[in-house]
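Everything on this sheet refers to the single structure shown next.
The values are calculated or read from the model by the stated rules, or taken from the named source; none is laboratory data. Keep in mind that this is a model prediction, so the values were computed, not measured. Every residue, glycine among them, receives a Cβ derived from its backbone with ideal geometry; neighbour counts consider all protein chains shown.
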Amino acid sequence: MKIATLNINSVNARLPNLIDWLSANQPDVMLLQEIKCEFNNFPFFDLQMCGYEAKILGQKSYNGVAILSRNKIAITTENLPNFTDENARYLEAQISIREQNYRIASLYLPNGNPPYNDPTDTDKFSYKLKWMDSFLQHAENLLNTQKNVILAGDFNVILTPNDVYNPELFKDNALYRQEVKQRLKQLSYLGYTDAYRSLYPQKNGYTFWDYTGSALQNDLGMRIDYIFVSPSLADRLQKCDIDRDFRRREKSSDHTILTAEFGDKKCPD
């Protein structure tokens, strides 16, 4: 089973690149974040012609998440349970692939930094912490009821100094503050595995490069996109790769695609 995730930074603006990549790589499931459109403007037909059913939680101009699958999708959760949120940041589905049931979520965690015109405003950071607390509770509940769980997307968290080109520059950034790093580490305490880091303990694994300052050319990146998997899937993990070439394409997102592949060993559902 192969899964991929991408913060696409507007699905309609990047659609040709997405369809080309899907046709060439054919993952079983593709997760998207920041689709930046509502239901009526989402390219369902184009993706269907490429072999993918799509389910979305959309929002005009901002945010929005989607799940694309070569198999039927049954949505289980739109937005986090017990957390009132006007933003479209979490979509979860049940998908059966080769006689295995998977619970898969596409998530777009809040950035948390203050507005540029008011650096003293802490509302966005408070929202981020509350969102993460609700997410962690739900992630724990999922492990108590599901075997094959995948939580993937743009987490907007730089977990370690090895995950950013210059940690000192980000010491006060909401992506790197101690409060958010501690919360993300709790996923591993619950039993989830960071797929990329489990295979590559030392490689930087950047998934984001800013559009400005020749960041991509100089590899001034950060790792903020993750695939976290339950114990049953950690045992089956075979590959986890970052497609840097996708970021080099014309009209690319500022993120690139992260993929993980799993063996087909049978596990109880």
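The condition (being at pLDDT 95 or above, surrounded by fewer than 20 Cβ atoms within 10 Å (Cβ to Cβ) and within 30 Å of residue 179 (Cβ to Cβ)) is satisfied by just one residue among 16, 114: 114. Here residue 148 does not qualify as under 30 Å from residue 219 (Cβ atoms), more than 14 Å from the chain's Cα centre (by Cα) and in contact (Cβ under 8 Å) with a residue 24 or more places away in the chain.
Residues of the stretch 251-263 that are in contact with a helix residue (DSSP H, G or I) (Cβ under 8 Å, 6 or more places away or on another chain) and either assigned to a strand (DSSP E or B) or surrounded by fewer than 17 Cβ atoms within 10 Å (Cβ to Cβ) (or both): 251, 255, 257, 258, 259, 260, 262. Please verify whether residue 242 is modelled with pLDDT of 95 or more and either over 16 Å from the mean Cα position of the chain (by Cα) or over 17 Å from residue 95 (Cα atoms) (or both), treating the condition exactly as stated. When the stated conditions are applied, residue 242 passes them.
From the list 48, 94, exactly one residue is of a type outside the set (A, V, I, L, M) and either in contact with a Pro (Cβ under 7 Å, 6 or more places away or on another chain) or assigned to a strand (DSSP E or B) (or both). Which is it? Steps first, answer last, please.
Details: 48 fails: either in contact with a Pro (Cβ under 7 Å, 6 or more places away or on another chain) or assigned to a strand (DSSP E or B) (or both).
Only one candidate qualifies: 94.
For the stretch 171-185, the set of residues classified as surrounded by fewer than 15 Cβ atoms within 10 Å (Cβ to Cβ) and closer than 24 Å to residue 134 by Cα consists of 172, 178, 179, 182, 185, listed by residue number. I'd like the residue in the stretch 161-187 that is in contact (Cβ under 8 Å) with a residue 12 or more places away in the chain and polar (S, T, N, Q) and, out of all such residues, is nearest to residue 67 (Cα to Cα). Once the filter is applied, the top-ranked residue is 186.
Can residue 3 be described as assigned to a loop (DSSP other than H, G, I, E, B) and either within 25 Å of residue 196 (Cβ to Cβ) or modelled with pLDDT of 95 or more (or both)? Full working, then the answer.
On the way: assigned to a loop (DSSP other than H, G, I, E, B): no; either within 25 Å of residue 196 (Cβ to Cβ) or modelled with pLDDT of 95 or more (or both): yes.
It is false that residue 3 is assigned to a loop (DSSP other than H, G, I, E, B) and either within 25 Å of residue 196 (Cβ to Cβ) or modelled with pLDDT of 95 or more (or both).
Looking only at the stretch 146-165, decide whether some residue is out of contact with any strand residue (DSSP E or B) (no Cβ under 9 Å at 6 or more places or on another chain), of a type outside the set (D, E, K, R), at pLDDT 95 or above and not in a helix (DSSP H, G or I). Yes, because at least one residue in the stretch 146-165 is out of contact with any strand residue (DSSP E or B) (no Cβ under 9 Å at 6 or more places or on another chain), of a type outside the set (D, E, K, R), at pLDDT 95 or above and not in a helix (DSSP H, G or I). Residues in the stretch 173-183 that are of a type outside the set (Val, Ile, Thr) and either modelled with pLDDT under 95 or not in a loop (DSSP other than H, G, I, E, B) (or both): 178, 179, 181, 182, 183.
Give the residues of the stretch 99-134 that are under 18 Å from residue 79 (Cβ atoms), without any contact (Cβ under 8 Å) to a residue 60 or more places away in the chain and part of a loop (DSSP other than H, G, I, E, B), sorted by residue number. Those that are under 18 Å from residue 79 (Cβ atoms), without any contact (Cβ under 8 Å) to a residue 60 or more places away in the chain and part of a loop (DSSP other than H, G, I, E, B): 109, 110. Set side by side, the residues 109, 91, 57 differ, and just one is modelled with pLDDT of 95 or more and in contact with a helix residue (DSSP H, G or I) (Cβ under 8 Å, 6 or more places away or on another chain), which is 109.
Considering only residues of the stretch 190-231 that are among the hydroxyl-bearing types (Ser, Thr, Tyr) and part of a strand (DSSP E or B), which is surrounded by the fewest Cβ atoms within 10 Å (Cβ to Cβ)? Only one residue fits best here, namely 193. Of the residues 60, 124, 128, the single one that is within 30 Å of residue 40 (Cα to Cα), out of contact with any strand residue (DSSP E or B) (no Cβ under 8 Å at 6 or more places or on another chain) and either surrounded by 16 or more Cβ atoms within 10 Å (Cβ to Cβ) or of a type in the set (A, V, I, L, M) (or both) is 128.
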